[in-house]
1. Which residues, counting only those in segment 26-37, are within 15 Å of P59 (Cβ to Cβ) and under 29 Å from the mean Cα position of the chain (by Cα)?
2. Would you point out the residue of segment 168-205, among those that are among the hydroxyl-bearing types (S, T, Y) and under 14 Å from the mean Cα position of the chain (by Cα), that is nearest to F147 (Cα to Cα)?
3. So for segment 121-140 (the condition being closer than 30 Å to E289 by Cα and not acidic (D, E)), does at least one residue qualify?
4. Determine whether E224 is out of contact with any Lys or Arg (no Cβ under 7 Å at 6 or more places or on another chain), acidic (D, E), crowded, with 20+ Cβ neighbours inside 10 Å and closer than 19 Å to A143 by Cβ.
5. Could you say which residue among R173, R235, R205, R221 is without any contact (Cβ under 8 Å) to a residue 60 or more places away in the chain and closer than 23 Å to R284 by Cα?
6. If the requirement is being modelled with pLDDT under 90, within 26 Å of H229 (Cβ to Cβ) and not assigned by TED's automatic domain parsing to the domain that holds L286, which of these qualifies: T91, T115?
7. Is it the case that segment 158-179 has a residue that's assigned by TED's automatic domain parsing to the domain that holds L227, assigned to a strand (DSSP E or B), in contact with a helix residue (DSSP H, G or I) (Cβ under 6 Å, 6 or more places away or on another chain) and within 18 Å of A241 (Cα to Cα)?
8. Kindly evaluate N253 against the criterion of being outside any helix (DSSP H, G or I), modelled with pLDDT under 85 and under 19 Å from I112 (Cβ atoms).
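The values are calculated or read from the model by the stated rules, or taken from the named source; none is laboratory data. Just so it is clear, the structure is predicted and the values come from calculations on it, not from any experiment. Please note: Cβ atoms are built from the backbone with ideal geometry, for glycine as well, and neighbour counts cover all protein chains shown.
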Amino acid sequence: MSSQGERANWTDPTYRKYFIDLCMREANNGNRSGATLKPTAWNRISQELKTLTGKSITPKQLKNGWDYMKRQYLTWLKLTMTTGHGYNSTTRTFDWPPERWEEYLKDSIGAIDGTLIHACIPIDKQVPYRGRGRGECFQNVMALCDFDMIFRYVVVGWEGTAHDSRVLTETIRNSRNNFPIPPPDKYYLVDAAYSHTRGFMAPYRHVRYWLGDFRSGGRARGREEILNHAHAKLRNVIERAFVDDALFAQYENDEVELESGHGNQNHTANAINSSSMEDQNYMRQLRDEIANQLFQTSY
């Protein structure tokens with residue numbers, strides 16, 4: 001079997017049933033290992049799922065699927081134990097307003113973005129520092145801040161024409177930079193200039209995202225816009241953190257956004273992506289799960 005399988009569709013009810021039935025059989029046959037299954041069990045499940053569905057899913061993907069469904073179940077269990085949870089057993093949804101669902105982005109531990117800072121560069125080295133059709137020179141400065149608006153990590157020195165995604169990718173690749181990789185169950189919020197992969201949650205591309213778009217175009221519609229709106233409101237902390245202290249009082253409103261000018265949110269990250277397909281799939285599934293929860297309580 002190849003090391004990289006097809007994309008698993010964990011939202012398909014038939015596929016989920018096959019997968020759960022096979023996992024239960026292995027667990028009942030004594031093939032559990034701690035909170036998961038033994039490697040031999042995952043191999044058997046992978047082979048049987050291919051027979052049943054025609055899809056080649058690797059054991060590692062199946063383990064990710066197990067973790068994904070376990071997280072869903074624990075979330076549901078937690079909600080049903082909440083006072084006034086508003087669970088409707090007929091529709092199988094929770095009657096909560098979107099604002100309350102924003103807590104489901106609670107595993108985000110900060111936000112990352114790049115901003116252009118004026119720089120004095122020797123004349124013979126200015127070309128890569130010039131951008132956007134202007135004569136001034138800039139550095140592309142990447143910063144990470146927490147939700148208390150405290151900067152936790154800053155990278156300086158990159159040319160103004162460097163893409164945000166490249167700055168982050170190269171920073172992570174060099175272990176000497178000591179970039180604070182988030183724990184496995186946490187992530188940073190980033191805009192769509194960055195890759196959407198484990199540890200870094202980007203919004204849906206080609207869907208409204210900037211807060212100004214929602215102010216002028218009306219409320220969010222559909223699960224992807226609802227997720228993007230919640231994402232933008234939280235990620236906006238980094239936009240406000242960039243504001244000069246002397247001007248900060250003018251921007252205390254959490255609806256203010258200061259777009260960095262590094263291209264719109266539909267721009268596909270063009271830096272070399274060192275993350276694996278499985279890491280990207282994991283984050284796509286997590287984002288879809290949160291989007292579905294938000295959507296179900298809004299309609």
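1. T36, L37
2. Our first condition is that a residue be among the hydroxyl-bearing types (S, T, Y); within segment 168-205, this holds for 169, 171, 175, 187-188, 194-195, 197, 204.
This time we only want the ones that are under 14 Å from the mean Cα position of the chain (by Cα), so: 187-188, 194-195, 197, 204.
Working: Y187: 13, Y188: 11, Y194: 19, S195: 21, T197: 21, Y204: 22 Å.
Only one residue tops the list, namely Y188.
3. Looking only at segment 121-140, we keep the residues that are closer than 30 Å to E289 by Cα, and these are none.
Checking segment 121-140: not a single residue is closer than 30 Å to E289 by Cα and not acidic (D, E).
4. no
5. On the way: R173 fails: without any contact (Cβ under 8 Å) to a residue 60 or more places away in the chain; R235 fails: without any contact (Cβ under 8 Å) to a residue 60 or more places away in the chain; R205 fails: without any contact (Cβ under 8 Å) to a residue 60 or more places away in the chain.
Only one candidate passes the filter, namely R221.
6. On the way: T115 fails: not assigned by TED's automatic domain parsing to the domain that holds L286.
Step by step, each of T91, T115 is checked, and only T91 is modelled with pLDDT under 90, within 26 Å of H229 (Cβ to Cβ) and not assigned by TED's automatic domain parsing to the domain that holds L286.
7. Going through segment 158-179, the residues assigned by TED's automatic domain parsing to the domain that holds L227 turn out to be 158-179.
The next check asks that each one be assigned to a strand (DSSP E or B); those that pass are 158-159.
Next, only the ones that are in contact with a helix residue (DSSP H, G or I) (Cβ under 6 Å, 6 or more places away or on another chain) stay: 158-159.
Pick out the ones that are also within 18 Å of A241 (Cα to Cα) and you get none.
Taking every residue of segment 158-179 in turn, none turns out to be assigned by TED's automatic domain parsing to the domain that holds L227, assigned to a strand (DSSP E or B), in contact with a helix residue (DSSP H, G or I) (Cβ under 6 Å, 6 or more places away or on another chain) and within 18 Å of A241 (Cα to Cα).
8. Details: outside any helix (DSSP H, G or I): yes; modelled with pLDDT under 85: yes; under 19 Å from I112 (Cβ atoms): no.
Judged against the criteria, N253 is not a match.
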